[in-house]
Amino acid sequence: MDNKIMNIGIIGNGKSANRYHAPFICTRPETMRIKTVYARSLNKQDWPRIEGVRYTDDLQALLTDDEIDVIVLSLPHNVHYAYAKQVLEAGKNCVVEKPFCETPEQAQELFALAKEKGLLLECYQNRRFDSDYLTVKKVIESGILGDLLEMEMHFDYYRPEIPESVKEFNPVMSYLYGHGCHTLDQVIALLGEPDHIHYDVRQLLGEGRMNDYFDLDLYYGVFKVSVKSSYFRIKERPSFIVYGKKGMFIKAKKDRQETDLKHFYLPKGHPDFGIDRPEDYGILTYIKDGIVHEETVPSEKGDYGLYYDALYETVMHGAPPLVTEEQTMLQMRILAEGISYCR
């Protein structure tokens, strides 16, 4: 494409659009801009309007705008399939929030349609740019831990009021789908497809209640990666613990971008946005020349906008997609299989 600026349309004007997409797009005015946001009701203004952005309740006006290069779906995942199909049939590249779809079959149909029309279809996996994940990835790739044996990944909450208020079990609206989609992608991006998986997916409040706990063990040879999450952890477990033959690394605190965003402390104009404090750094313990060493590891800088930088290169210059069809389909199969074990 000849135009320098990537014009983006967003379907949805809620928390996800205004917290996890728009703030990062708006820090890159030299390469991209939000041209139009579609919302079903323009009277509902829970979030401030972005200067220079057109807001519309006419979906066709967005779908038929020749200037729009890519449309982002920022909607509940139970409607992803229907809206993504409309976007692709309108001839637009499409980015879909996670979890990508309700079923692997829906996802496969959408990828087939995108391929038929020569369009990009990609899942928005921004947590590949979490600082804790990037720091763990750097430590692993350094080789200082030696052969890897075990990694634990935790994404915990203490919000008992949520599962206590839900009196039914809905597989596709489960905790595994809604939260496993973050950490599972990090494993897939780092290690690819596992040899096999052990699933422990539960309804802690009993049969017929919501899924509120999961513990998935993914095996890569002798290396086991455990992806764990619960609504009933009054004290969070470390974000990452990695064990190797020569050492271990603990990153207790999660990425700070979400915390800053929740406090409306946005990346634009704040160079310290999402930056770990020294007390948040991970601890590396390893053996070298028979001596045990322990040191802090400064955190890598997280930036969800890096997803959009990669998207720009794909849409505007034909670079390979950051998040591949194969990775998204693998995650969809894991989620669908995992929730079938829910007890």
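The values are calculated or read from the model by the stated rules, or taken from the named source; none is laboratory data. All values reported here derive from a predicted model rather than from experimental measurement. Note: ideal-geometry Cβ built from the backbone for every residue, glycine included; neighbour counts use all protein chains shown.
Just a few scattered comments:
- Among the residues listed as Y38, Y55, the single one being surrounded by 18 or more Cβ atoms within 10 Å (Cβ to Cβ) and not small (G, A, S): Y38
- Answer residue from the stretch 282-292, given it is without any contact (Cβ under 8 Å) to a residue 40 or more places away in the chain and touching a Ser or Thr at 6+ places or on another chain (Cβ under 8 Å) and is surrounded by the most Cβ atoms within 10 Å (Cβ to Cβ) among those: I283
- Filter result (touching a helix residue (DSSP H, G or I) at 6+ places or on another chain (Cβ under 9 Å) and of a type in the set (D, E, K, R)) within the stretch 57-104: D69, K85, E89, K92, E97, K98, E102
- Restricting attention to the stretch 298-323, the residues being closer than 20 Å to V227 by Cβ and either surrounded by fewer than 20 Cβ atoms within 10 Å (Cβ to Cβ) or of a type in the set (D, E, K, R) (or both) number 0.
- Filtered residues of the stretch 254-310 (kept if among the small types (G, A, S) and either in contact with an Asp or Glu (Cβ under 8 Å, 6 or more places away or on another chain) or within 15 Å of K138 (Cβ to Cβ) (or both)): G274, G282, S299, G302
Residue by residue, here is whether (1) modelled with pLDDT under 95; (2) within 16 Å of the chain's Cα centre (by Cα); (3) outside any loop (DSSP other than H, G, I, E, B); (4) surrounded by 23 or more Cβ atoms within 10 Å (Cβ to Cβ) holds:
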| site | (1), (2), (3), (4) |
| --- | --- |
| F100 | no, yes, no, yes |
| Q106 | no, no, yes, no |
| L113 | no, no, yes, no |
| E116 | no, no, yes, no |
| E122 | no, yes, yes, yes |
| R128 | no, yes, yes, no |
| Y133 | no, yes, yes, yes |
| K138 | no, no, yes, no |
| L149 | no, no, yes, no |
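- For the stretch 260-272, the condition of being touching a helix residue (DSSP H, G or I) at 6+ places or on another chain (Cβ under 9 Å), assigned to a strand (DSSP E or B), surrounded by 12 or more Cβ atoms within 10 Å (Cβ to Cβ) and hydrophobic (A, V, I, L, M, F, W, C) holds for none of the residues.
A quick yes/no check of all residues on (1) in a strand (DSSP E or B); (2) farther than 30 Å from Y199 by Cα:
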{"position": "I250", "(1), (2)": "yes, no"}
{"position": "K253", "(1), (2)": "no, no"}
{"position": "I275", "(1), (2)": "no, yes"}
{"position": "E279", "(1), (2)": "no, yes"}
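- Selection of the stretch 256-309 for residues being among the polar types (S, T, N, Q) and under 20 Å from the mean Cα position of the chain (by Cα) yields Q257, T259, S299.
- From F214, F240, residue being within 20 Å of the chain's Cα centre (by Cα), assigned by TED's automatic domain parsing to the domain that holds D132, surrounded by 20 or more Cβ atoms within 10 Å (Cβ to Cβ) and under 16 Å from E150 (Cα atoms): F240
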